[in-house]
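Heads up: the structure comes next, in structure tokens.
The values are calculated or read from the model by the stated rules, or taken from the named source; none is laboratory data. Keep in mind that what you see is a predicted model, and the values were worked out from it rather than measured. Neighbour counts run over all protein chains shown; Cβ positions are idealised from the backbone, glycine included. Accessible surface areas use protein heavy atoms only, side chains included; no ligands, DNA or RNA. Shrake-Rupley method; radii C 1.70, N 1.55, O 1.52, S 1.80 Å.
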Amino acid sequence: MSELQSSLLLKKQLAELNKNPVEGFSAGLIDENDIFRWEVLIIGPPDTLYEGGFFKAHLYFPKEYPLRPPRMKFVTEIWHPNIEKNGDVCISILHEPGDDKWGYEKASERWLPVHTVETILISVISMLADPNDESPANVDAAKEWRESYPEFKRKVARCVRKSQEECS
Amino acid sequence: MGNCLKINNSDDISLLQGGEISNTQDFAPDQNDPAPIYSELLQPIFFPSPSVRRPVSHLTEEEQVKIAKRIGLIQHLPIGTYDGSKKSRECVICMIDFCVDEAVRYLPCMHIYHVHCIDDWLMRSLTCPSCMEPVDAALLTSYETT
Ligand SMILES: [Zn+2]
Ligand SMILES: [Zn+2]
């Protein structure tokens, strides 16, 4: 997969998303001359604690895309068990491909070259609605989510409010 | 899209090449290495497990065996030419439509891909990108247990 092919593939996805927007997020480039760095705006999914929020995130694609996954980072502050405090998203489909020795994650749960910006964002949106506390990236958020849910809710509500202020 | 653009694929892993055949893929030697050896710059890069990329000379013996078996397995997967079948019109890795008579590789699950697209992928993960079927579960378990 050459860099030219990777950029063609990403351009195709951008054109497709502009033509047929997907509910729940909007996508564009951080810098219109760099197809490998995207900016997306995720709308907090309805009927979740994140409802009403507007969360901005960046996707950084490697030159080997789609053989390797992009990195995803929330720019808007967000409190969630599977998102590090610095915004880095930690979900298995964004993990480097292959079978690890320990059998911790099966190859089929990791990155696959059929993932697109759309499928990645759909996974991230469903992660917002349904955190996975088996391997939390934000241990404090995971602990609160399990043990002191009212405090967790309060922190998420604060992020949602802040995101609305930043967006208006 | 019917786009039959032939792209010169400079970072093709060149499965069948041995270590000493020149390959333009660059590799920055580890800082800890005492003396960078020129031949290392010309070696293909391999991916023995997730997040690990190494040139041939840096592979452990176990990784060499694993990769040799993997290359052998990939070479045994049949190559055919695209017959214009409507069932699979595009290669889901690069999202480019197949051209009639273009070389495609068949996986055991009968999903097809451009040879260079799927070979690069299988060197990283022996999983069909479309159905997530392990490409050869039997072979995989036999070398994982040895
Ligand atoms: Zn292809
Ligand atoms: Zn398949």
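Looking only at residues in segment B:55-72 that are within 14 Å of another protein chain (Cβ to nearest Cβ) and open to solvent by less than 70 Å² (accessible area, probe 1.4 Å), the one that is farthest from ligand 2 (Cβ to nearest atom) is B:Thr60.
Going by the structure shown, is A:Ser92 at pLDDT below 95, of a type in the set (S, T, N, Q) and in contact with a helix residue (DSSP H, G or I) (Cβ under 7 Å, 6 or more places away or on another chain)? Yes: the conditions hold for A:Ser92. The residues of segment B:80-103 that are within 16 Å of ligand 2 (Cβ to nearest atom), in contact (Cβ under 8 Å) with a residue 24 or more places away in the chain and open to solvent by 30 Å² or more (accessible area, probe 1.4 Å), listed by number, are B:Ser88, B:Glu90, B:Val92.
Being over 25 Å from A:Ser168 (Cα atoms), buried (at least 22 other Cβ atoms within 10 Å of the Cβ) and without any contact (Cβ under 8 Å) to a residue 60 or more places away in the chain is the requirement here; does A:Pro69 meet it? Spelling it out, A:Pro69 is indeed over 25 Å from A:Ser168 (Cα atoms), buried (at least 22 other Cβ atoms within 10 Å of the Cβ) and without any contact (Cβ under 8 Å) to a residue 60 or more places away in the chain. Looking at A:Phe61, is it surrounded by 18 or more Cβ atoms within 10 Å (Cβ to Cβ) and free of Cβ contacts under 8 Å to residues at least 60 places away in the same chain? Taking the combined requirement at face value, the residue satisfies it.
Candidates are the residues of segment A:23-53 that are over 29 Å from A:Phe152 (Cα atoms), open to solvent by 30 Å² or more (accessible area, probe 1.4 Å) and in contact (Cβ under 8 Å) with a residue 24 or more places away in the chain; the one that is nearest to the chain's Cα centre (by Cα) is A:Arg37.
Examine segment A:95-106 for a residue that is in contact (Cβ under 8 Å) with a residue 24 or more places away in the chain and open to solvent by 50 Å² or more (accessible area, probe 1.4 Å), and state whether such a residue exists.
Scanning segment A:95-106, I find at least one residue that is in contact (Cβ under 8 Å) with a residue 24 or more places away in the chain and open to solvent by 50 Å² or more (accessible area, probe 1.4 Å), so the answer is yes.
Being farther than 22 Å from A:Leu112 by Cβ and either within 14 Å of chain B (Cβ to nearest Cβ) or part of a loop (DSSP other than H, G, I, E, B) (or both) is the filter here; which residues of segment A:39-68 pass it?
Residues satisfying the conditions are A:Gly44, A:Pro45, A:Pro46, A:Asp47, A:Thr48, A:Leu49, A:Tyr50, A:Glu51, A:Gly52, A:Gly53.
Being hydrophobic (A, V, I, L, M, F, W, C) and in contact with a strand residue (DSSP E or B) (Cβ under 6 Å, 6 or more places away or on another chain) is a property that B:Leu73 lacks. Residues that are open to solvent by less than 20 Å² (accessible area, probe 1.4 Å) and more than 12 Å from ligand 2 (Cβ to nearest atom) within segment B:104-120 comprise B:Val104, B:His114, B:Cys117, B:Asp119, B:Asp120, listed in sequence order.
What's the total number of residues in segment A:149-168 that are among the small types (Gly, Ala, Ser) and at pLDDT below 95? The qualifying residues number 1. Going by the conditions given, is A:Glu77 open to solvent by 50 Å² or more (accessible area, probe 1.4 Å) and within 14 Å of another protein chain (Cβ to nearest Cβ)? So A:Glu77 does not fit the description; no.
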